[in-house]
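Participant: One structure, pasted below without further comment.
The values are calculated or read from the model by the stated rules, or taken from the named source; none is laboratory data. Remember, predicted model here, so these are calculated numbers, not experimental data. Cβ placement follows ideal geometry from the backbone for every residue including glycine, while neighbour counts extend to all protein chains displayed.
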4 protein chains.
Amino acid sequence: MRAAIIGGTGYGAIELIRLINKHPYLEVGSVVSNSQAGNNFSESYPHLTKIINQPLVSFDVERLVKENDIVFLATPSGVSSKMAPELVDKGIKVIDLSGDFRLRSQNEYETWYKHSAPEEEYLTKAVYGLSEIYEKEIKSAAFIANPGCYPTAASLGLLPILKANLADSKTIIIDAKSGVSGAGRGLSLTSHYAEINENLKAYKLGAHQHIPEIEQVLSDETGDSVTITFTTHLVPMTRGIMITAYVNLTEKLSTNTVNDLYNKFYENHPFVRVRPAGAYPSTKEVSGSNYCDIGLHVDPRTNRLTIISVIDNLVKGAAGQAIQNANIMNDWDVRTGLDSIPMYP
Amino acid sequence: MRAAIIGGTGYGAIELIRLINKHPYLEVGSVVSNSQAGNNFSESYPHLTKIINQPLVSFDVERLVKENDIVFLATPSGVSSKMAPELVDKGIKVIDLSGDFRLRSQNEYETWYKHSAPEEEYLTKAVYGLSEIYEKEIKSAAFIANPGCYPTAASLGLLPILKANLADSKTIIIDAKSGVSGAGRGLSLTSHYAEINENLKAYKLGAHQHIPEIEQVLSDETGDSVTITFTTHLVPMTRGIMITAYVNLTEKLSTNTVNDLYNKFYENHPFVRVRPAGAYPSTKEVSGSNYCDIGLHVDPRTNRLTIISVIDNLVKGAAGQAIQNANIMNDWDVRTGLDSIPMYP
Amino acid sequence: MRAAIIGGTGYGAIELIRLINKHPYLEVGSVVSNSQAGNNFSESYPHLTKIINQPLVSFDVERLVKENDIVFLATPSGVSSKMAPELVDKGIKVIDLSGDFRLRSQNEYETWYKHSAPEEEYLTKAVYGLSEIYEKEIKSAAFIANPGCYPTAASLGLLPILKANLADSKTIIIDAKSGVSGAGRGLSLTSHYAEINENLKAYKLGAHQHIPEIEQVLSDETGDSVTITFTTHLVPMTRGIMITAYVNLTEKLSTNTVNDLYNKFYENHPFVRVRPAGAYPSTKEVSGSNYCDIGLHVDPRTNRLTIISVIDNLVKGAAGQAIQNANIMNDWDVRTGLDSIPMYP
Amino acid sequence: MRAAIIGGTGYGAIELIRLINKHPYLEVGSVVSNSQAGNNFSESYPHLTKIINQPLVSFDVERLVKENDIVFLATPSGVSSKMAPELVDKGIKVIDLSGDFRLRSQNEYETWYKHSAPEEEYLTKAVYGLSEIYEKEIKSAAFIANPGCYPTAASLGLLPILKANLADSKTIIIDAKSGVSGAGRGLSLTSHYAEINENLKAYKLGAHQHIPEIEQVLSDETGDSVTITFTTHLVPMTRGIMITAYVNLTEKLSTNTVNDLYNKFYENHPFVRVRPAGAYPSTKEVSGSNYCDIGLHVDPRTNRLTIISVIDNLVKGAAGQAIQNANIMNDWDVRTGLDSIPMYP
């Protein structure tokens, strides 16, 4: 199957290419970049010299649909909302990595994204692609809204305890930390080396567009109307996200009991690995891979659960989960093309 | 005044020397290192070549007291507990940077530090040197237990709202992040470059020895018996601590109101700077300096306050606050020798 | 084919496991660590949780030979010299990643390595595994001395111009820069995070054990007795080596002419990529991959050639080239198991 | 004395402010930024909150001259060339940190800088401010062209051996490495965090505008017409420059002899520190300070001298040397305001 990639010069696209290249049933098809059309790929990314030799092309729906079997949109929010409907209408499978089709409510979208929402019809058509949770829906979907990086780590970390009805969803606090690649290749003072290196900063308190996405998933899955406190921090590293989530337990539980519950929850999901009590994953332990590793600690003094959940923001938080969803949609083993070992150190 | 420094080859001692060197009323006196006695200082630290030319000496109480006017102990926990009493008994002013004399209870000490506690008598004599809060007690003290790095950032961040009786002390969660220099110069896999670079890890969940220290200060100052949830993370940078603290407000307050309260609380304390609403300090903004910068955000949806508090762990979190305490003990302006601009970038 | 890995808890072994895991004809066999025998692998390396589940075993020649088809020695210099002969004598294929069998002269070995040399017999038996240059010898070899990281980057960068007889081998200067993972997982102040981060240092001037190795290759291939100037620097990054080599040309040549010569030299070698004139590779452009990327510049004012040659020290500089040599020894396509795209960013 | 700073929002200006703030005879006067005029300084640089409270002003020669006693131009090349002459004509002392007035030849300037040269008259008036070498000329100067960062480290490293007539100036190779802050605060893909972190790249081979500057100094001081080979590399760190220079000796000399020669050369220059044989400075050992530290190694096999010379690019390579020159111009001790200890770690 030929996979088209739109938004070809961003980090999301680059990671899709890295992963598709190792996938036995997918191959890199058209790579679209309107701004760089005609240029050779390796001019922007010399690491692809002699590997990806094709020129970048401009967005042309007819050709795209004719020459490819599936389309990955690695375009920014506001761009996907325009391109995706055209492609969906043509009947080709579409996986959108932007935030444009993740929220069901146009209102919520406009409140948090600060520009106009996609059409209602497509918001309804899109299936939220949190692979471990919505496997059934994804299997029959033609259009996937691939989850955000923070929401992936946060939801996978929180859902087992919430769905077991053992935690008070009114007490959820998510302290999130991300490497800088999450902000993409666009230039900005907040991605400027001398400002970020040897520095740690909090940003967008109470204003991050991933807040309503996380609340939507947690509310859907618990039946409550969940409101979270969510803080994001920029860490001086390129890849990796860590979520440290806090929630009050509604029963006295030991760390071991909670670990068992998580292990059971994810027993058929090879990409989620739960550490034994007393051990906590670090971001490097999943670097370059599609794993989400989770560590758990119950403080017996406060009966509060602390959840550490780490992913590679460009893999499980973006391109990897997109491939995982393509695997599910095509009834391939979920690990297909995603079974490489994290790069350590 | 001649200042002796004990524990002369650790990062705490090095930072004391850097700061004392610029202090108009203090000069570097004896520098003690039992393991390196006789060696030239710049062999261990070539950056001090032609600046500090004296040899390291071994610990000799009589000589130390005779040749110096104040002693800074930059020794590890378990070592200070042995050296400090001898010095205190001789009547010389002592400022201990270790954790040995910070907790008033021997029991608590042994629970968290896992070795035997110092003698009760000296635990009682020691004044806890959180400069902004205990200025009066420090002024008349002869023996200071200099606060830990995390407790300094956490206490300065939390006390204004807690002392105003506007927050529920049962809901305090502190998500702490530190650079690697906090772990000192001792070799360990958790300070090994290839393990730490491009990595983020959580450690010592529910087990960090700074937990009882923070709880003691917050309990003392609020009159409640405060129990906190505290998580520490290791960030790939050398210097800097950030505390992200969460607490439920007991009244509806706006971010601006809370900012005013903090500004008022610290109006006579030049080293605490409160950012305006919507702005949050980053660790680099205090690098190399004695500032503690604070940013605040009230989420109107949950009425929860998020507090960002940053310090340089080696300055305000160790050597700088020690000098600040020496200034207070000697009735010098609190800024003496500490007025340099943070090194940015 | 089952591949045994000896020295199982070092970075070299970890990288071998990462690569062998993706190799279609090799699988991870025994993993030997005398110090950790009996322990589970993922205790030392949690990133391998649920991937490599076998326990580490101790060194037992009989069992090793019986249960495996090829042995990779990722042991330090001085250990390989003892283990390799035993294995070679048993007739199993051996690839040694240490420096023990790279120099033909026992004298030279002892001068630079400062401990006693392996037996002459095995020095003679070992084939130097610089894959692109000694493909023929490797094909029929049973015992490979896998090249050092610096010698790989330096030799691949210098040999085309030297073998073309267009450069004066008396003027070779190699300014080498390496990430910190090259020093391994052993603890040392020179791998201590706070000493290395935001720092750049030169080390072992004129004393690095890779000097005689590079000189041996360059002398062998040119017929001259080559003496180089070689300086190594430690760069604050985990992976990557860059060689900046300088040599006087013996004829007036343009950068383009030299580029053509290099392209021709490596036309049948997929892992060496020559950048066009005016472009120079960065280390990240080969990260995690087996590529050696080369950039060239002739300064017309001095007629001196500057060569930039980059590799990932743990891949082409160690484990990757070892797999490449296994491919050659077994008549598999040289790219087998090594065709993944560099991880960027 | 009031010091005006022009180009107020760049890293050069920020570093000038940090240093002037500690200077006993200088105080921060007008801070000029045409693009940010009217704004408060700490909006761009929150680390200056409560320290520098004045607003940025626009460029107004009359007012500048009236309200200040000396002017530091921390403006980019091409801007200084326009502003400096106006100020010089008014008779105020001017120290220009840009490259505009360093080259005496308009031709050379236009060849390397690729835009039109300043007027001849001012090129002639400007004194090249390499403090250790041109102290006499600086003392009587009114207009200083402050040296570039690479030329400072390179010249101080090479001049002692060249001026002693013990090295062959035709064989000079300078392999230079710099942290990223040297490129300033302007946005560019080559300062983008995810592109630079965990990466090492060579740039501008044979094309760097510091080449003619170094050649001019070395030629002036040796009487030869010196042509160098010069390669620049970008290192993943914020501050620091290391020059590794290579030159053939014309006599057999030991490392110790060369060390003596360097120590003698710099005996009256407190900011240059020569390491003993076998030791080499790292960039962190001068971080935040005005030191230039030098290490030396003679390879007896090739009789080639390797010189390691490190500076903090923002201090001795820019703002620090500018203050040093102000000290010399005003007959103050050269160390005034520059005597702080490097920040380590």
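Participant: Regarding segment D:315-337, can at least one residue be identified that is within 13 Å of chain C (Cβ to nearest Cβ) and either surrounded by fewer than 19 Cβ atoms within 10 Å (Cβ to Cβ) or not in a loop (DSSP other than H, G, I, E, B) (or both)? Full working, then the answer.
Facilitator: Step one: of segment D:315-337, the residues within 13 Å of chain C (Cβ to nearest Cβ) are none.
No - not one qualifying residue is present in segment D:315-337.
Participant: Every residue in segment A:33-81 that is over 30 Å from residue A:126 (Cα atoms), not small (Gly, Ala, Ser) and not in a helix (DSSP H, G or I), please. First the steps, then the outcome.
Facilitator: As a first pass, look at segment A:33-81 and keep what is over 30 Å from residue A:126 (Cα atoms): A:38-55.
Next cut, not small (Gly, Ala, Ser) only: A:39-41, A:43, A:45-55.
Matches in segment A:33-81: A:39, A:40, A:45, A:49, A:50, A:51, A:52, A:53, A:54, A:55.
Participant: Can you tell me which of A:73, A:87, A:64 is crowded, with 21+ Cβ neighbours inside 10 Å, of a type in the set (A, V, I, L, M), at pLDDT 95 or above and over 22 Å from the mean Cα position of the chain (by Cα)? If you could, list the steps in order and put the result at the bottom.
Facilitator: Details: A:73 fails: over 22 Å from the mean Cα position of the chain (by Cα); A:87 fails: over 22 Å from the mean Cα position of the chain (by Cα).
Selected residue: A:64, the only one of A:73, A:87, A:64 that is crowded, with 21+ Cβ neighbours inside 10 Å, of a type in the set (A, V, I, L, M), at pLDDT 95 or above and over 22 Å from the mean Cα position of the chain (by Cα).
Participant: To continue, here is another question. Quick test for you: out of D:137, D:121, D:132, pick the one residue that is out of contact with any strand residue (DSSP E or B) (no Cβ under 7 Å at 6 or more places or on another chain) and either part of a loop (DSSP other than H, G, I, E, B) or surrounded by fewer than 22 Cβ atoms within 10 Å (Cβ to Cβ) (or both). So that I can check it myself, show each step before the final result.
Facilitator: Numbers: D:137 fails: out of contact with any strand residue (DSSP E or B) (no Cβ under 7 Å at 6 or more places or on another chain); D:132 fails: out of contact with any strand residue (DSSP E or B) (no Cβ under 7 Å at 6 or more places or on another chain).
Residue meeting the stated conditions: D:121.
Participant: Could you tell me which residue of segment C:172-191 is farthest from the other protein chains (Cβ to nearest Cβ), considering only residues that are charged (D, E, K, R) and assigned to a strand (DSSP E or B)? So that I can check it myself, show each step before the final result.
Facilitator: Restricting attention to segment C:172-191, the residues satisfying the condition of being charged (D, E, K, R) are C:175, C:177, C:185.
Filter once more, so that each one left must be assigned to a strand (DSSP E or B): C:175, C:177.
Details: C:175: 4, C:177: 6 Å.
So the residue we want is C:177.
Participant: I've got another one for you. Which residues, taken from segment B:7-54, are on the phi > 0 side of the Ramachandran plot and more than 11 Å from every other protein chain (Cβ to nearest Cβ)?
Facilitator: Across segment B:7-54, the qualifying residues are B:7, B:38.
Participant: Among (1) crowded, with 23+ Cβ neighbours inside 10 Å; (2) within 11 Å of chain A (Cβ to nearest Cβ), there is one condition residue B:275 misses while meeting the rest; what is its number?
Facilitator: (1)
Participant: While we're on this one: Could you list, ordered by first residue, the pairs with Cβ atoms under 8 Å in which the first is in segment C:74-90 and over 15 Å from residue C:186 (Cα atoms) and the second is among the basic types (Lys, Arg), at least 6 apart or interchain?
Facilitator: C:88/C:125
Participant: Testing residue B:177 on (1) closer than 20 Å to residue A:197 by Cα; (2) out of contact with any helix residue (DSSP H, G or I) (no Cβ under 8 Å at 6 or more places or on another chain); (3) surrounded by fewer than 22 Cβ atoms within 10 Å (Cβ to Cβ), one condition comes back false. Which one is that?
Facilitator: (3)
Participant: Tell me which strands (runs of 3 or more DSSP E) are completely within segment A:192-267 and hold 3 or more residues being touching a helix residue (DSSP H, G or I) at 6+ places or on another chain (Cβ under 7 Å) and more than 9 Å from chain B (Cβ to nearest Cβ), or say none if there are none.
Facilitator: A:241-248
Participant: How about segment B:1-43: which of its residues are surrounded by fewer than 19 Cβ atoms within 10 Å (Cβ to Cβ) and charged (D, E, K, R)?
Facilitator: Result: B:2, B:22, B:27, B:43.
Participant: Right, another one. What number of residues within segment C:283-299 satisfy the criterion of being more than 22 Å from residue A:21 (Cα to Cα) and either away from every other protein chain (no Cβ under 12 Å) or in contact (Cβ under 8 Å) with a residue 24 or more places away in the chain (or both)?
Facilitator: Adding up the residues that qualify gives 4.
Participant: Which one is farthest from residue D:175 (Cα to Cα) among residues in segment D:300-314 that are assigned to a loop (DSSP other than H, G, I, E, B) and within 14 Å of chain B (Cβ to nearest Cβ)?
Facilitator: Within segment D:300-314, the first condition is being assigned to a loop (DSSP other than H, G, I, E, B), and the residues that meet it are D:300-303, D:312-314.
Now restrict to residues that are within 14 Å of chain B (Cβ to nearest Cβ): D:312-314.
Details: D:312: 17, D:313: 16, D:314: 19 Å.
This residue is D:314.
Participant: Any residue at all in segment A:256-263 that is acidic (Asp, Glu) and either over 30 Å from residue B:236 (Cα atoms) or buried (at least 22 other Cβ atoms within 10 Å of the Cβ) (or both)?
Facilitator: yes
Participant: A further question on this structure: What number goes with the only condition from (1) within 28 Å of residue D:284 (Cβ to Cβ); (2) among the polar types (S, T, N, Q); (3) surrounded by fewer than 18 Cβ atoms within 10 Å (Cβ to Cβ) that residue B:238 does not pass?
Facilitator: Of (1) within 28 Å of residue D:284 (Cβ to Cβ); (2) among the polar types (S, T, N, Q); (3) surrounded by fewer than 18 Cβ atoms within 10 Å (Cβ to Cβ), only one is false for residue B:238: (3).
Participant: Among the residues that make up segment A:92-102, is at least one of them surrounded by fewer than 20 Cβ atoms within 10 Å (Cβ to Cβ) and farther than 25 Å from residue A:177 by Cβ?
Facilitator: Yes, segment A:92-102 contains at least one residue that is surrounded by fewer than 20 Cβ atoms within 10 Å (Cβ to Cβ) and farther than 25 Å from residue A:177 by Cβ.
Participant: Here is a follow-up. Among the candidates D:33, D:44, single out the residue that is of a type in the set (Ser, Thr, Tyr), touching a Ser or Thr at 6+ places or on another chain (Cβ under 6 Å) and closer than 14 Å to residue D:75 by Cβ.
Facilitator: Only one candidate passes the filter, namely D:33.
Participant: Give me the residue from segment C:293-314 that is farther than 19 Å from residue C:265 by Cα and charged (D, E, K, R) and, out of that set, surrounded by the most Cβ atoms within 10 Å (Cβ to Cβ).
Facilitator: C:312
Participant: Scan segment A:268-282 for residues that are free of Cβ contacts under 8 Å to residues at least 60 places away in the same chain and assigned to a strand (DSSP E or B) and report the count.
Facilitator: Going through segment A:268-282, the residues free of Cβ contacts under 8 Å to residues at least 60 places away in the same chain turn out to be A:268, A:273-282.
Now restrict to residues that are assigned to a strand (DSSP E or B): A:273-274, A:282.
The total comes to 3.
Participant: Can you tell me which residues in segment A:1-32 are among the acidic types (Asp, Glu) and either out of contact with any helix residue (DSSP H, G or I) (no Cβ under 6 Å at 6 or more places or on another chain) or in a strand (DSSP E or B) (or both)?
Facilitator: Within segment A:1-32, the first condition is being among the acidic types (Asp, Glu), and the residues that meet it are A:15, A:27.
Selection gives A:27 alone.
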